[in-house]
Amino acid sequence: MPLQGYYADGSRLLKVRGKDAADYLQRVLTCNLKTLAPDGVIPGALLTGQGKIVAPFRIYTEADGSYTLETPGDCAETLQMRLERYVFSEDVSTHLIETQVLVLVGGAAAFEPLPQPDRYRELELGSVPIRLSTVSPGDYRLHLPPDSAIALPVPPLTDEQYELWRIERGIPAWGKELNDNLIPLHLGIDRAFAHDKGCYTGQEVISRATFVTQAPLELVGLVAEHSIVPGSELTQEGDYVGVVTSAAFSEARQATLAIARVRRQKAPPGTTLQTDGGAVQVVELPFC
């Protein structure tokens, strides 16, 4: 039976308001706000001028003209600070808001009709207002009031269950696959970059790495019969190729599945690499 449940992954919400919010965000973010539907949500990122990632997020358009950015909890305050740094005379304000953010995995029949991917809808569950958005079939986000204690129609997931599900789908995590020292192309968030929107902070670096040179790193999947420790180096004939970023054991496959950040085009699917624990096989992401 497919995995079903919910998990609090620590994401937080940042509200951006003001009459200049749309123009301002369009100038600094990697995504194209002009593609957002009234009930839309798209991935995006804020970069430094050197093209390194400050924070990834999903950005929601609101009926009152404001925007809500859902970002990893460890990024939220930095994202707010960086956005405020670029405000000069614009009418723009930012506020972290208290909301429960849950990842909803698998079945969501209780919430039908489900939004299409990159859409959200407002509904009530037991008289509690919630927001449901669709990332992809089987991958949803719920926003609930901070103090609500409603009974969801699926059970909570353990850390181990959620981590395996995330790895199988090739979803990058902040502090694992992503960090603030990386140019984030080919690291699982390529949909966050709108290459046709014009300038934004870090755009020259991203365009050069996309159209002139190439990004130095990419994510791949690994399969092994032995355990793999995140942080382990990957080598091929003694040469460094990359590093394991996440790993979990799959009972269904009777194997360890992992995500690794490797030098681009150095470890195509089918390649055998070495870790301290033994050989691992490179596969495409996602696993399923």
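Numerical summary
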| item | result |
| --- | --- |
| Lysine pairs in the chain with Cα atoms under 24 Å, if 8 or more residues apart or on separate chains | 11 |
| Estimated 222 nm signal from helices in the chain, with DSSP H stretches of n ≥ 4 weighted -39500 (n - 2.57), rounded to 500 | -3500 deg cm²/dmol |
| Diffusion coefficient, µm² s⁻¹, Stokes-Einstein with Kirkwood Rh over alpha-carbon pairs of the range 1-118 at 37 °C and 0.692 mPa s | 214 |
| Cleavage-rule hits, GluC sites (Glu not before Pro), the range 46-151, DSSP coil, Cβ neighbours within 10 Å at most 16 | Glu62, Glu90, Glu98 |
| Sites excluded, chymotrypsin sites (Phe, Trp or Tyr not before Pro) in DSSP loops with at most 14 other C-beta within 10 Å, longest stretch of the chain | 89-288 |
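None of the figures in this text is laboratory data; all of them are computed from the coordinates on show. Fair warning: this is a prediction, and the values are worked out from it, not measured in the lab. All Cβ positions, glycine included, derive from the backbone under ideal geometry; neighbour counts span all protein chains shown.
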